[in-house]
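Working notes, beginning with the structure itself.
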Amino acid sequence: MEAITCTAPVNLAVIKYWGKRDEDLILPVNSSLSVTLSQEQLCVTTTVATSPNFTSDRVWLNGSENLIKDFPRIQKVLQLVREECRKSGKKDLAKNNIHICSVNNFPTAAGLASSAAGHACLAFSLAKLFHLDCDISVIARQGSGSACRSIYGGFVMWEKGEMADGNDSLAIQISPESHWAEMRVLVLVVSDEKKETSSTSGMRRSVQTSKLLKLRSEYIVPQRITGMKDAILRKDFEEFANLTMKDSNQFHAICLDTFPPILPPYMNHISHNIVRLVTEYNKLRGTRVAYSFDAGPNAVLFLLENDVPECLELITTFFPPNDDETNFVRGLVTSSCKKAVNCQINIPICPGGVKYIIHTKIGDGPRILEDPASSLLTCEGFPRV
Ligand code: PMV
């Protein structure tokens, strides 16, 4: 048996991907740009193993075995990896069955992009197991579109590409995490329930019906991508924040411009109050925080290290935790805030509205874990626990 264990990060798009021009190959209607989050707080770990003795492909996700036929996108990744093996003359390896065991170090919650990290980790682990030298992001993309951006750390762009076979629809790194090391991220978990409209069916309906999506993909995104790359390279936080917030707003506007609209909306009233809090705070202090929301109510806030204590103080004031929540702020530790601007902000207080906060920063791309003790599979290829 040959096996390898890897980890992969979550990424959060600041210029969003919404809409496919080819559903089978997962080719997007526009390019997108994301920030890779630190694996210390949010990551997926996957062990993949292959052996001529395995009788079928099998998959264990977060502790229980799943039927591989229920996961067509995992099957697609396996098929692509086998094709690459054949192309590079490893025909025998391509015949062997594969065991996959994967766990998240965070709840599989709405809006936390666990499927992106999961598919990135699977594609990366398999490519390393079989020593493939193809573009791993092209394989990850066909597991879950946004997964291709989790193949790199720092700031990453997914080029939409022009080719019909999708071989130029891949991720590239704009700059590594060390470039803007003082950037911090607060994930505000509002709900961990599963979203009602899946991104696949939502995107399909938006592409078919939203004129705003057409305008966005043809005119708005190309300009925003240029502006965002420039803001990142110059470390211009104000420009980065404004583009991030505008693009999040536009993605949710497209969901309502879709016909019939995507309902219930991904953002709920707590999400809207988070937008109000950030807006009020930025009015008082200058643009210090940016929000972004994916296909769920959870907020991701970007800010610089020095502003974290005050921002946490504000969030705790306006979204005080439930009494039973003893671990409200998780992840990176920060000093307490001396003087916040709470009294000058006039928005409703929503107790329990934010369940908990994950404090993290920008991180690196997938890693290989060399220590055999980190393997999730035994020497026979079955889960350790
Ligand atoms: O990769 P998917 O199918 O889960 O789509 C992700 C879409 C958004 O998260 C809403 C935006 C993005 O670019 O990640």
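Listing for the model above:
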quantity: Qualifying residue in region 167-189 (condition: without any contact (Cβ under 8 Å) to a residue 60 or more places away in the chain and under 13 Å from the mean Cα position of the chain (by Cα)); calculated: no
quantity: Region 263-276, subset within 14 Å of the ligand (Cβ to nearest atom) and in a loop (DSSP other than H, G, I, E, B), residue surrounded by the fewest Cβ atoms within 10 Å (Cβ to Cβ); calculated: Pro265
quantity: Residue count, region 282-310 (criterion: open to solvent by 10 Å² or more (accessible area, probe 1.4 Å) and either more than 16 Å from the ligand (Cβ to nearest atom) or in contact with a Pro (Cβ under 7 Å, 6 or more places away or on another chain) (or both)); calculated: 13
quantity: So Phe328, is it aromatic (Phe, Trp, Tyr), surrounded by fewer than 20 Cβ atoms within 10 Å (Cβ to Cβ) and more than 30 Å from Ser137 (Cα to Cα); calculated: yes
quantity: Total residues in region 133-167, condition more than 21 Å from Arg216 (Cα to Cα) and more than 15 Å from the ligand (Cβ to nearest atom); calculated: 9
quantity: Filter result (open to solvent by 30 Å² or more (accessible area, probe 1.4 Å) and of a type in the set (Ser, Thr, Tyr)) within region 147-176; calculated: Tyr152
quantity: All strands (runs of 3 or more DSSP E) inside region 1-64 with 2 or more residues being more than 16 Å from the ligand (Cβ to nearest atom) and buried (at least 21 other Cβ atoms within 10 Å of the Cβ); calculated: 2-9, 43-51
quantity: Contacts under 6 angstrom Cβ, first residue in region 236-260 being among the aromatic types (Phe, Trp, Tyr), partner assigned to a helix (DSSP H, G or I), 6 or more apart; calculated: Phe240/Ala231; Phe259/Thr209
quantity: Of all residues making up region 74-123, the number that are open to solvent by 60 Å² or more (accessible area, probe 1.4 Å) and at pLDDT 95 or above; calculated: 3
quantity: Per-region count, region 217-226, residues surrounded by fewer than 16 Cβ atoms within 10 Å (Cβ to Cβ) and among the polar types (S, T, N, Q); calculated: 2
quantity: Selection within region 227-262 - open to solvent by 50 Å² or more (accessible area, probe 1.4 Å) and either at pLDDT below 95 or among the charged types (D, E, K, R) (or both); calculated: Lys229, Asp230, Arg234, Lys235, Glu238, Glu239, Lys246, Asp257
quantity: Lys214 being part of a helix (DSSP H, G or I), open to solvent by 60 Å² or more (accessible area, probe 1.4 Å) and not polar (S, T, N, Q); calculated: yes
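The values are calculated or read from the model by the stated rules, or taken from the named source; none is laboratory data. Worth saying up front: this structure is predicted, and the values here are computed from it rather than measured. Glycine gets a Cβ as well: all are built from the backbone with ideal geometry, and neighbour counts include every protein chain shown. What goes into the accessible areas is simple: the full protein's heavy atoms, side chains included, and nothing from ligands, DNA or RNA. Shrake-Rupley method; radii C 1.70, N 1.55, O 1.52, S 1.80 Å.
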